[in-house]
Every structure is written in C-alpha cells, then in structure tokens.
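Engineer: Before we start, here is the structure in question, set down as structure tokens.
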Amino acid sequence: TEAALKAWQESEREYKSGSDETGVLGSQINQAQALQSLGLYRRSQLLLEQIQQKLETQPDSQMKATGLRSLGVTLQVVGDLQKSEQVLQESLAIAQKLNLPTETNAAIFSLGNTARASNKIESAIALYQQSATNSKDNLSRLEAQLNQLRLLITIQKWQQANALIPEINQDLVDLPPSREAIYAKVNLAESLMQLEGKASRRGAEKTGTTA
C-alpha cells in the first residue's frame, strides 16, 4: 500500500505538469484510499475534502461517485456520522443515476457501516442485506453477510442468524485462498462463538442454572 501511495503521488505530479485536472483528481482519490488502507484517516479526510470542493464544480461521473464515497467512509471512521451519511447518499444518487452497479453497491454497503456506527441496527441490517443481494462477487457478498450476521446476533434474531450461516459457508467455500478469505473465516468463527455463547446462556436461563 505504501508503494501504491508513492506511485499515485508521482502520478499526480505528472498529471499536474500536463495540466490534466481529471488525472490529478483520480490520482488524489487513489491516494486517499491508500491512506485509508494505512489507517491514516485524518490525512485521507483532509485530502478528500479538497477533492470534494473540486468535484462539486464538475458534472456527475464515476470518479465523482467514488470520491464522495471515499470521503463518506473516512467521515464515518472519524465519527462525523451525519455528514458521512449525507455524502454517501450523494454518492449513491450519482451511481444510480449513471447506472454504475459496482459503485452503487459499494455506497449501499458503506451506508450500512454508517448506520451501524449510528446504532441504527435495523437500517444497517437492511442495507447489508440489500448489498449482499446486489453483489456480483463472492467477497463483497460475504462481507455484507458477515456484518449482517453479527448484527442479527446482537439483536437476538436467532432464526434469521442461523438461516444466514449456510449461505456464508457456501460463499467461503467458493472463495479462493487470500488474506481476505482468512479474515472472513475468522469473522465467521467469532460470530459463531458469540452465537453459541448466547445460546448456552438462554438454555441456562430456561433451566434456572447459571453458566
């Protein structure tokens, strides 16, 4: 990621020297996403806010939708949830208007994350479910399903949670070996342990014993 960041910084300089404003903006958006991957959210936020000012004067485009979504993600992480939702809704509207399925689904997933951070659990579950339904690849669908499962367990929707597990297992089987696949398996294992723990406590409560 650090190498990618340097490469995008070099690209920005080259685009600037050629007076290619679109290329500059694209390079800056990629830099912001790389900064997010490195956990440098404040730097990413500052850069994205500069990008947003430039994008506001431009017509709707995939780059504009992507830039706004990246800003919305960063705002969610740093805790500005109201503005995060506002910016992500704007990104979603552009993606839907331009018929960009991948960008549309990414915005819906990010809105789910912001809803979860805002403790709007039912809304978050619905958004994750929508994202999973619309996803064209296993990994994106799996991420949405895993987040949905965790929230279903949180609000004790046991039947829905158990119904989702076979779907998640199937997507895990179809996923090629990767770091993301490992993270997904760990995520599922944590949810299953949480589900089992809650089931044991429910059983203890019914029998009047303590776990």
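The values are calculated or read from the model by the stated rules, or taken from the named source; none is laboratory data. Please read these numbers as outputs of a predicted model, since none were measured by experiment. Neighbour counts run over all protein chains shown; Cβ positions are idealised from the backbone, glycine included. For the accessible areas, the whole protein counts, side chains as well, though only heavy atoms, and no ligand, DNA or RNA atoms are used. Shrake-Rupley method; radii C 1.70, N 1.55, O 1.52, S 1.80 Å.
Engineer: Can you tell me which of 67, 79, 72 is free of Cβ contacts under 8 Å to residues at least 60 places away in the same chain and in contact with an Asp or Glu (Cβ under 8 Å, 6 or more places away or on another chain)? Write out each step before concluding.
Structural biologist: Values: 67 fails: in contact with an Asp or Glu (Cβ under 8 Å, 6 or more places away or on another chain); 79 fails: in contact with an Asp or Glu (Cβ under 8 Å, 6 or more places away or on another chain).
None of the others qualify; the one that does is 72.
Engineer: Among the residues of the stretch 74-88, which ones are over 14 Å from the mean Cα position of the chain (by Cα) and of a type in the set (S, T, N, Q)?
Structural biologist: 82, 86
Engineer: Could you go through the stretch 8-15 and let me know if any residue there is open to solvent by less than 60 Å² (accessible area, probe 1.4 Å), within 23 Å of residue 87 (Cβ to Cβ) and of a type in the set (D, E, K, R). Working first, answer last.
Structural biologist: The initial filter retains those residues of the stretch 8-15 that are open to solvent by less than 60 Å² (accessible area, probe 1.4 Å), namely 9, 11-12.
Okay, now just the ones that are also within 23 Å of residue 87 (Cβ to Cβ), so 12.
Pick out the ones that are also of a type in the set (D, E, K, R) and you get 12.
So far as the stretch 8-15 goes, yes, one or more of its residues are open to solvent by less than 60 Å² (accessible area, probe 1.4 Å), within 23 Å of residue 87 (Cβ to Cβ) and of a type in the set (D, E, K, R).
This table checks each residue for (1) open to solvent by less than 70 Å² (accessible area, probe 1.4 Å); (2) β-branched (Val, Ile, Thr); (3) under 18 Å from residue 111 (Cα atoms).
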| site | (1), (2), (3) |
| --- | --- |
| 42 | no, no, no |
| 45 | yes, no, yes |
| 48 | yes, no, yes |
| 51 | yes, yes, no |
| 59 | no, no, no |
| 72 | yes, no, yes |
| 76 | yes, no, yes |
| 79 | yes, no, yes |
| 91 | yes, no, yes |
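Engineer: Please count how many residues of the stretch 93-110 are open to solvent by 20 Å² or more (accessible area, probe 1.4 Å) and among the hydrophobic types (A, V, I, L, M, F, W, C).
Structural biologist: Matching residues across the stretch 93-110 total 5.
Engineer: Inside the stretch 35-48, can you point out the residues that are more than 14 Å from residue 69 (Cβ to Cβ) and either touching a strand residue (DSSP E or B) at 6+ places or on another chain (Cβ under 9 Å) or not hydrophobic (A, V, I, L, M, F, W, C) (or both)?
Structural biologist: Filtering the stretch 35-48 down to residues more than 14 Å from residue 69 (Cβ to Cβ) leaves 35, 37-43, 46-47.
Of everything in the stretch 35-48, those that are more than 14 Å from residue 69 (Cβ to Cβ) and either touching a strand residue (DSSP E or B) at 6+ places or on another chain (Cβ under 9 Å) or not hydrophobic (A, V, I, L, M, F, W, C) (or both) turn out to be 37, 39, 41, 42, 43.
Engineer: Report every pair of residues separated by at least 6 positions or lying on different chains whose Cβ atoms are under 9 Å apart, first residue within the stretch 125-140 and of a type in the set (Lys, Arg), second assigned to a helix (DSSP H, G or I) and open to solvent by 40 Å² or more (accessible area, probe 1.4 Å).
Structural biologist: Close Cβ pairs satisfying both conditions: 136/101; 136/102.
Engineer: Can I ask one more? Would you call residue 118 surrounded by fewer than 17 Cβ atoms within 10 Å (Cβ to Cβ) and of a type in the set (Ser, Thr, Tyr)?
Structural biologist: Yes; evaluated as a whole, the condition is true for this residue.
Engineer: For the stretch 121-194, please list each of the helices (runs of 4 or more DSSP H) lying entirely inside it that holds at least 3 residues being loosely packed, with under 12 Cβ neighbours inside 10 Å.
Structural biologist: Numbers: elements: 121-134, 138-154, 158-174.
The qualifying helices (runs of 4 or more DSSP H) are 158-174.
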